[in-house]
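Student: The following block contains the structure, expressed as structure tokens.
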Amino acid sequence: MSGAGDSQEIRSALLGLRRSAGLPIAFGGLLHDAASLRLTELTGAATPALRGLLISSGHGVGGKALALARPCGVADYTVARHISHEYDTAVAAEGLRSVVAVPVVVHRRVRGVLYGALRAPLPIGDRVFDAAVAAARDVEQALAVRDEARRLLARAGGPEASFDADPGAGAKPGAASGAWEEVRAAHGELRALASRIADPELRGTLLAACARLSGAAAPARGPAARQAALAPREVDVLSCVAAGATNAAASEALGVRPETVKGYLRSAMRKLGAHTRLEAVVAARRAGLLP
């Protein structure tokens, strides 16, 4: 399911495409249903003719890109023979002639289409084509990250109602204990993902979910649990360590150098009064920093 954040990714990509390729207009949108997309994001439009236009799979330049899941373009839309012309009225109203359309494909599924256009019948040059493809790739990566965030948030939802085993080091074996291991794994993945997200709203949502997961164990830990003054990155590293990651694996997950991971780990151990990685994880859980 697409959200407002997904549309923002399209909007940002179109602004970047227009600037990098020197285009007078760029536009696009996300899939409306399995066989059509709606043009909702426009930059540089002179008229409202394209806004809200529903593009069916296989129709026009964008519909062809949607159907084939590959870039398509025309040097002069008005006389192009290898596309259908259901949208000629809107295209003419905006004065478009040369058009390129690039699909946004995530996990082998088209999620939207980005367009770039000129108001003159000129061939689509490599500069414009490459810029349009690069913009679509940026959106694909952003949507893939958002999809993963949604998956992890759904996986982490409602731990208070489901995981009632003692979450401490002495948790009882069985289904509830296994459920807590799922919570801990989701917590580590969420923190690692949040560290790579530029969108402050989405990052805040992920970190709030992490806090909820950590806090779900608070009643079992009792009033003696206290918050240690760890930096966010130190908690990130401990989350990876708790999941069994090596320093090299943690550095890859968090996008930092292995030496940086070691530094954060040493600092966290010192603050927690721990002498080993395992002691640090146990102390962080007792302090309510990890589930």
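Since every read-out is calculated from the coordinates, none of them should be taken as a lab result. Since we're looking at a predicted model, the values are computed, not measured. Using ideal geometry, Cβ is built from the backbone for each residue, glycine included, and neighbour counts are taken over all protein chains shown.
Student: In what sequence, highest mean first, do 43-49, 237-243 appear when ranked by Cβ atoms within 10 angstrom?
Tutor: Values: 43-49: 15.1, 237-243: 26.0.
Descending mean neighbour count gives 237-243, 43-49.
Student: Which whole-number percentage describes the relative contact order of segment 4-140, with Cα contacts under 8 Å and a sequence gap of 6 or more? Please report the intermediate quantities before stating the final value.
Tutor: Details: 302 pairs, mean separation 35.1, N = 137.
Computed value for segment 4-140: 26 percent relative contact order.
Student: Right, here's the next one. Angle, helix 175-194 long axis vs. longest principal axis of the chain, Cα atoms, 0 to 90°, nearest 10?
Tutor: The angle comes out near 50 degrees.
Student: Give the Rg (one decimal place) followed by the Dmax (whole number) of segment 4-140, computed from C-alpha coordinates and expressed in Å.
Tutor: Reported Rg and Dmax, both Å: 13.0, 37.
Student: Another question, then. Say R0 is 22 Å: what FRET efficiency, to the nearest 0.05, do Gln141 and Ser36 get from their beta-carbon distance? Please list the in-between numbers first.
Tutor: Working: r = 24 Å, r/R0 = 1.10.
According to the calculation, E is roughly 0.35.
Student: Quick one: grab the alpha carbon gyration tensor of the chain, order the square roots of its eigenvalues as a ≥ b ≥ c, and give me rounded if a/c is under 1.5, else prolate or oblate depending on whether a/b is larger than b/c.
Tutor: On the way: a/c = 3.61, a/b = 2.64, b/c = 1.37.
Cα axes put the chain in the prolate bin.
Student: Still on this structure: Hey, got a sec? Which trypsin sites (Lys or Arg not before Pro) in segment 101-145 land in a DSSP loop and have at most 10 other Cβ atoms within 10 Å? Working shown, then result.
Tutor: Details: sites: Arg108, Arg109, Arg111, Arg119, Arg127, Arg137; in loops: Arg108, Arg119.
Within segment 101-145, the qualifying trypsin sites (Lys or Arg not before Pro) (loop, at most 10 other Cβ atoms within 10 Å) are Arg108.
Student: Sequence gap at least 6, Cα distance under 8 Å: using those rules, report the relative contact order of the chain to the nearest whole percent.
Tutor: Details: 489 pairs, mean separation 37.9, N = 291.
It comes to 13 percent, rounded to a whole number.
Student: Can you compute 3J(HN,Hα) from phi for each residue in segment 200-206, using the Karplus curve 6.51 cos²θ - 1.76 cosθ + 1.60 with θ = phi - 60°, rounded to whole Hz and x for Gly and Pro?
Tutor: Running phi through 6.51 cos²θ - 1.76 cosθ + 1.60 with θ = phi - 60° gives x, 5, 5, 4, x, 5, 5 Hz.
Student: What angle, in degrees between 0 and 90 and rounded to the nearest 10, separates the Cα long axis of helix 126-156 from the longest principal axis of the Cα atoms of the chain?
Tutor: Value to nearest ten degrees: 40.
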